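Scroll down for the structure; my scribbles are underneath it.
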Amino acid sequence: MNTTLFQSLPDAVSVYEVSPRDGLQNEAAAVSTYNKTRLVDALAESGLQRIEVTSFVSPRWIPQLSDADDLLKMVHRPPGATYSALCPNRQGLERALATGVEEIAVFLSVSEGHNKRNVNKSVAESLAGFRDVVQPALEHGLRVRAYLSTLWGCPYEGEVDPKRGVAITRQLFDMGCYQVSLGDTIGAGTPLQTKRILEMFLAEFPSERLAMHMHDTRGTALANVIVGLEMGIRTFDASVGGLGGCPYAPGAAGNLATEDLVYTLHAMGIQTGIDLDKLLEAGRVASAIVGRDLPGKVLRAGVRSLRR
């Protein structure tokens, strides 16, 4: 599809669903393992092929995800779907291997302040620790993805130099990560800023090795996604219903809602392999298990006909 406004749109993109992990980790009330299973199964039923199910972190850090081992044993895994989990250290990797996940993820921040609050380590210490996780995971046949947070701004340090992110990403690829997801953790990004950041990254790395993880705190996530689409990004993280946020980024509530992303992509003629009606059912499951309405706009308003 080519129009005067959009010159470089793809036929299809990949949506990476993060609500079971990045969404539920920020909930104040406990969500049962059974209800988490309901959510993961509903997401898979919608056609989502890449779902980050949980995190093998210490329960002291993220109590909501303390049932990671049981959850991954309970969820249904349809053919072709890839289920992943966050693994911050070697102990987490050992737990992940016992559950049979196909993929793990590591995470760190561009800014020292957020990284220290998030994992109680400097950026250099985090990178050094990944060497005990990434290579052993690869040797066991797992793929490894990485998250790079606070690239668009830090809640503790303010503006962040994207060149630091480029240097960190280079090290993550050198370790063996297949993809790095670039994160606007506080939802501060604007389209021109996004263009400048992506220009810097795409000058050094192939577009297929980069993803975007945008929070919608200030309502600009979809606008930034459109910039990414135009510049060649083909993987976007999202969370059904807009569930979630970072517990160590004050005010950063709300990931980009998966149904808002999919609705927009489908209306632009870009395929995702996701059934939007079934995705809305998953959104209703998410709303039910957390006991409140979620901010996703399409979840609230419904889907009008996309026929043109």
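Only the coordinates and a few stated rules stand behind these numbers; no lab work does. All figures in this text were calculated on a predicted structure; none of them were measured in a lab. In this analysis, Cβ positions are derived from the backbone assuming ideal geometry, glycine residues included, and neighbour counts consider all displayed protein chains.
General remarks:
- Note on the chain: Lys pairs 8 or more places apart or on different chains, Cα atoms under 24 Å apart, count 8.
- For the peptides 127-140, 259-272, the ranking by packing is 259-272, 127-140, with the highest mean count of neighbouring Cβ atoms within 10 Å listed first.
- Its residue count N fixes a reference of 2.2 N^0.38 Å for the range 1-154, and the Cα radius of gyration divided by that reference is 1.12.
- Sequence-ordered 3J(HN,Hα) estimates for the range 37-45 from the Karplus curve with 6.51, -1.76 and 1.60 and θ = phi - 60° stand at 4, 4, 5, 4, 5, 5, 5, 5, 5 Hz, glycine and proline given as x.
- Taking the DSSP bridge list for the chain and keeping only pairs wholly inside it, about 5 percent are antiparallel.
- Under a model in which nothing but the beta-carbon of Lys, Arg (+1) and Asp, Glu (-1) is charged, the chain shows a dipole of about 260 debye around its Cα centre.
- Unit charges on C-beta of K, R, D, E only; dipole of the range 92-172, Debye: 80 debye
- Spin-label model, residue 266 to residue 32: label points 7 Å out along the Cα-to-beta-carbon direction sit 3.1 nm apart.
- Dipole orientation for the range 14-301: of the candidates 29, 232, 285, 29 has the Cα lying most toward the positive pole (charges on Cβ; Lys, Arg +1; Asp, Glu -1).
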